[in-house]
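The block underneath contains the structure these notes are about, expressed in structure tokens.
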Amino acid sequence: MELPRRTRGEELLPAGALRALLQRLRRLAPGHDVTSVIACAYDHRTRMLPFVYAAQRMAPAGVRAIGAALVDAGFEKTRIVLQQWNRNFRPSRMELDGRVPDLFLVSSMQLHTAACQALIRDACRIEPARRPLIIAGGPKTIYEPWGVFGTDPDDPWGADVAVTGEEYVLLDLLAALLELRGRGESLRGTFLRARDQGALDGVPGLVYAHTDRRGVAQELVDTGVQRLLGDLDELPHPVLGYRLLEAPSAGPTLAARALPAERVARYSPIASLVLTFGCKFACPYCPIPAYNQRQHRAKSGARIVDEFRRLYGEFGLRSYFGADDNFFNKPERTLEIVEALARTELDGVPLRKRIRWGTEVTVHDTLRMRDHLPTVRSAGVRALWLGVEDMTATLVKKGQSVATTLEALRLLQRHGICAMPMMMHHDSQPLISRGPQPYGLLNQVRLLRRAGAVDLQVLMLVPATGSKLYTGTFTSGMAYESVAGRPVREYMLGGNYVVASHHPQPWRKQLNILAAYLYFYNPLRFLLALVRPKSRLYLADAVLQVMGMRGALLTARRTLGWTLRLMWGPIRRKSAPPTSPIPMRASDGGPAAHALPDTPHSAVRPPVPAAPPAAAPGGWPLPVVS
């Protein structure tokens, strides 16, 4: 089920809305000494291909963006903790500026749900009088906000509120709370008052719980789908987020200071940057078009030049990944960006000699940009990840074919850009096929390698939250509940595990993925890459072979046990998608925008006021929300 679309013409915020909100918060900030800790949830069981290297060596853009937004709004006492680097971090023991922070924010993908819930549970162990306002965000809450609220009366835990949108939604919530906050009142205390009086219902993009006196959620209130920021130049500068990173540590607490600037590139040598959002294609397994409300959003070339310049100058960052859905989606916007970068100099030399970067594109749009690939290369682009999915378009059609895919890869190779195809394995695709059409997975991998591919991603089709196919994957009986008694967990939903299939021998699908990786990454290809590389970039092919072989071994170690279960054990299938166990409603009493079909609907009723977390220090009277 895709996210519902807002009324036509109301998908985007008015121009200048984010800048105005930041100015509003800067006026409020001096009167509120707010401290914040932002945690990026990470389940280490997901560390395998194709994310082996990037998972540990690239500080995620999402938490950095939230940190940058808070600092730009005037709240400089902010720290970002990555569980990739700080595996033993415990929120119950965190202190910033000598005290428990006012805000604890957790960002999570669906894959990392278990880690996200563990962080929230631990934060809930802080005594209520000192507990921070707990806010959950990220892809997990965008599509499954109920997953951050507990339902067990014997183990009452849960976030106070889920943000189902981007930076603007969080800042809008914070502004609403600070304008209501009484002198000496905790930020969580303000939130509870505002929640119970419906004062947050005018902030689109929130889901909050009405709880009983034990803190167990009784219903979830959905304030609707967010409005999106149209001009990405309004976003706070990413350099602000990099100043907030917690240094890697084996301890449970926070350091006195953030990671020094001169050490950032050591731990995060790849920097992720938002350049554009949106994709013209409407693939049924992809939630991206609906999330973006069918809009295409971008930064200007001048803004991107400034981001590269400042990140390189302050932190020495030289390698970047553009967090694009499809960078070539609109050629005119793409050209404006790459031409600006191609004209730029750093330290008196062209930017391309100091900085290298890559991003995601499609085969169709790469061919549309064929005449401009020299400019793309001059802009510093050294790698492009192509959403090939299936060369024969058996799974999905988005302008690709065997001939066009091979042509796109050869064009990239000719211009010195590493081609990084992304494949998707499915039930009807054999491992090897005979005949003129290369239907087989290995047939396609062989052709891609010959055409110049230096990296490969092969994932199995799995239920993707927020996509058109999501509900049907369950109602058709395709999705697994358990295999040989082992339940399917969220960390298995990244495409490396076969968890949804109608194939009579699904273990073959699991082995096919591993076979494709071992065919592409192996010692023989490494030796050939040293003498006959597929890339004009010095040793890039050989280095990627080494990283791929290591990743293939990790993938094999983590998935072979599952393969045996698929081979021997009974498979129990689901018949319906996992909906919220907590009743949901919109703030006006209608259906909740983020609820799946068959989610219980709660009737509008006066909430049970929560027990106050603590009296305001000094006995200051608290204002009444009108």
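The values are calculated or read from the model by the stated rules, or taken from the named source; none is laboratory data. Keep in mind it's a predicted model, so treat the numbers as computed, not measured. Cβ sites come from the backbone with ideal geometry, for glycine too, and all protein chains shown count toward neighbours.
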Which numbered condition Ala256 misses (of (1) of a type in the set (A, V, I, L, M); (2) in a loop (DSSP other than H, G, I, E, B); (3) in contact (Cβ under 8 Å) with a residue 12 or more places away in the chain): (3)
Residues that are closer than 30 Å to Arg45 by Cβ and either of a type in the set (Ser, Thr, Tyr) or assigned to a loop (DSSP other than H, G, I, E, B) (or both), drawn from region 521-555: Tyr521, Asn522, Thr555
Test: residue in region 132-146 that is surrounded by fewer than 21 Cβ atoms within 10 Å (Cβ to Cβ) and part of a helix (DSSP H, G or I): yes
Candidate set: region 290-306, residues that are outside any loop (DSSP other than H, G, I, E, B) and touching a Lys or Arg at 6+ places or on another chain (Cβ under 8 Å); chosen: the one surrounded by the fewest Cβ atoms within 10 Å (Cβ to Cβ): Ala290
Spans of helices (runs of 4 or more DSSP H) in region 13-112 with at least 3 residues over 26 Å from Arg266 (Cβ atoms): 17-28
Selection count, region 342-356, where residues are of a type outside the set (Lys, Arg) and touching a Phe, Trp or Tyr at 6+ places or on another chain (Cβ under 8 Å): 4
Check on Pro577, at pLDDT 95 or above and under 25 Å from Glu490 (Cβ atoms): no
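So which of Glu332, Glu345 ends up being within 14 Å of Lys280 (Cβ to Cβ) and over 25 Å from the mean Cα position of the chain (by Cα)?
None of the others qualify; the one that does is Glu332.
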Cβ-Cβ under 8 Å pairs, at least 6 apart or on other chains, region 36-59 side farther than 24 Å from Pro101 by Cβ and at pLDDT 95 or above, far side part of a strand (DSSP E or B) and aromatic (Phe, Trp, Tyr): Met58/Phe321
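Conditions tested, residue by residue: (1) on the phi < 0 side of the Ramachandran plot; (2) of a type outside the set (Ser, Thr, Tyr).
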| residue | (1), (2) |
| --- | --- |
| Ala464 | yes, yes |
| Leu469 | yes, yes |
| Gly477 | no, yes |
| Arg489 | yes, yes |
| Leu493 | yes, yes |
| Tyr497 | yes, no |
| Lys509 | yes, yes |
| Ile513 | yes, yes |
| Phe520 | yes, yes |
Complete set of residues in region 256-287 that are under 21 Å from Val63 (Cβ atoms), surrounded by 18 or more Cβ atoms within 10 Å (Cβ to Cβ) and touching an Asp or Glu at 6+ places or on another chain (Cβ under 7 Å): Ala258, Leu259, Leu273, Leu275, Thr276, Phe277, Pro287
Single residue of region 165-194 satisfying the filter (of a type outside the set (Gly, Ala, Ser) and closer than 21 Å to Arg121 by Cβ) that is surrounded by the most Cβ atoms within 10 Å (Cβ to Cβ): Phe191
Any chance Ala451 is touching a residue at least 24 places away in the same chain (Cβ under 8 Å) and closer than 28 Å to Arg45 by Cβ: no
Residues being part of a strand (DSSP E or B) and surrounded by 23 or more Cβ atoms within 10 Å (Cβ to Cβ) - total across region 449-463: 2
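Among the residues of region 317-333, write down those that are assigned to a helix (DSSP H, G or I) and touching a Lys or Arg at 6+ places or on another chain (Cβ under 7 Å).
Pro331 - this is the single residue of region 317-333 that is assigned to a helix (DSSP H, G or I) and touching a Lys or Arg at 6+ places or on another chain (Cβ under 7 Å).
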Filter result for Leu384 (outside any helix (DSSP H, G or I), buried (at least 19 other Cβ atoms within 10 Å of the Cβ) and within 21 Å of the chain's Cα centre (by Cα)): yes
Tabulated pairs, region 339-366, first in a loop (DSSP other than H, G, I, E, B), second among the polar types (S, T, N, Q), C-beta under 7 angstrom, 6+ apart or interchain: Thr362/Asn326
Residue in region 150-157 that is buried (at least 24 other Cβ atoms within 10 Å of the Cβ) and either modelled with pLDDT of 95 or more or not small (Gly, Ala, Ser) (or both) present: no
Total residues in region 89-107, condition closer than 19 Å to Asp155 by Cβ and crowded, with 24+ Cβ neighbours inside 10 Å: 3
Residue tally, condition surrounded by fewer than 16 Cβ atoms within 10 Å (Cβ to Cβ) and of a type in the set (Gly, Ala, Ser), over region 207-246: 0
